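Peer 1: Can you read through this structure? Questions will come right after.
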Amino acid sequence: MAAGFQYFTSDDVGAPGVWGAAGRFAALLDWLLPGMGGWAIEFTGTNLRAYRSGSGNRFYLRLDDTQARYARLRAYRAMTAIGTGTNQFPTNAQAVSVNTWGIVKTYQTPSTVPRRYWGIRTDRYIVLILEYGAYSDPAIGVNYREVFVFGDTPSLCETDAHSTAMVCFPGVDTQYPTLFNQVFDNINGGRNLGGPPAYGAISGSPDGSVLSPGFGACVPFGYNMGSAHEATIGKSGRLHFGSLIGMSNNQQTGESVAYPRCRIPNLHQVFGPVRSVANASSSIVDLEEFTLSGRTFKCFAQYSQDAPADGYSTDAMLLEITDTDGAL
């Protein structure tokens with residue numbers, strides 16, 4: 001297992017606040033990574049950081065936190081200065097404008113309202129869910145959350161020296177991410193896994209020969225399933241549970257078919273009648289913690305429509321907060 005496992009939240013003693021000001025996301029990562037996860041800050045600038053994990057591939061995460069509303073993120077296999085690196089993922093071609101990849105700190109600026117967050121950190125990876133807008137009801141609140149992942153992921157390939165992944169949002173300058181669309185749209189919402197990566201970048205093909213092949217974090221069961229799937233999923237009376245899977249391809253070499261590349265540690269999806277509601281305006285249980293077979297999860301729920309009788313069932317992302325899911 002990855003070392004230094006810790007579940008953290010914005011309610012922890014000493015946890016820094018994140019709001020709409022330059023430097024606030026850097027303050028969070030400075031607290032989480034070097035102070036608690038064994039990572040190092042290799043290079044710095046004014047609200048600029050380059051973080052490197054304590055073990056594993058030790059590839060670099062570069063943070064530009066000079067903007068108020070959002071922070072910019074990118075990754076490199078190697079860096080020699082805060083503004084100099086090689087083998088960047090995502091590449092500029094994949095990201096169109098790499099400066100749009102990152103995480104939203106607040107829905108509105110200026111804002112001094114601290115935002116809630118939850119996550120896992122180890123010496124190899126970090127998983128973070130940030131609520132960048134005020135939570136008012138399930139239909140709105142879940143759309144004001146986003147997920148960020150960086151670090152070594154458990155590979156599903158036989159030999160894989162480059163399973164370092166980053167999941168964030170590719171349009172922070174003009175758009176707002178949603179927690180569910182960040183992962184569910186990759187496979188069910190028209191995202192083309194044969195093209196540029198959707199909401200994700202991975203450092204290279206398993207042998208490292210192809211830089212940053214197409215990558216997306218996907219779910220094993222569909223989001224807002226249509227009638228063709230109702231008999232097997234929406235009305236099955238069963239609970240479907242599965243890890244988030246990183247799907248990849250080597251489009252640069254002509255291989256456009258996506259293949260399962262890695263698991264996204266500590267993140268899972270539930271699709272089924274559990275926590276279903278009568279209609280979209282009904283309340284649901286959100287942020288509930290529950291334990292199954294010695295594993296504890298925090299539930300981030302999406303509201304349902306007329307479930308389970310008429311088509312859809314509850315969609316939920318689970319963050320595992322016990323140290324059983326991080327084996328590499």
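Peer 1: Using packing as a proxy for protection, rank 56-67, 73-84 so that the peptide with the highest average count of other Cβ atoms within 10 Å comes first. Before the final figure, lay out the partial values.
Peer 2: Working: 56-67: 20.9, 73-84: 17.4.
Highest mean packing first, the order is 56-67, 73-84.
Peer 1: Same structure again: Roughly how many nanometres apart are two label points built 7 Å out from the Cα toward the Cβ at A81 and F290?
Peer 2: Calculated label separation equals 5.4 nm.
The numbers here are math on the coordinates, done by the rules we state, and not lab data. This is a predicted model, so every value here is computed, not measured. Reconstructed Cβ throughout: ideal geometry from the backbone, glycine too, with neighbour counts over all protein chains shown.
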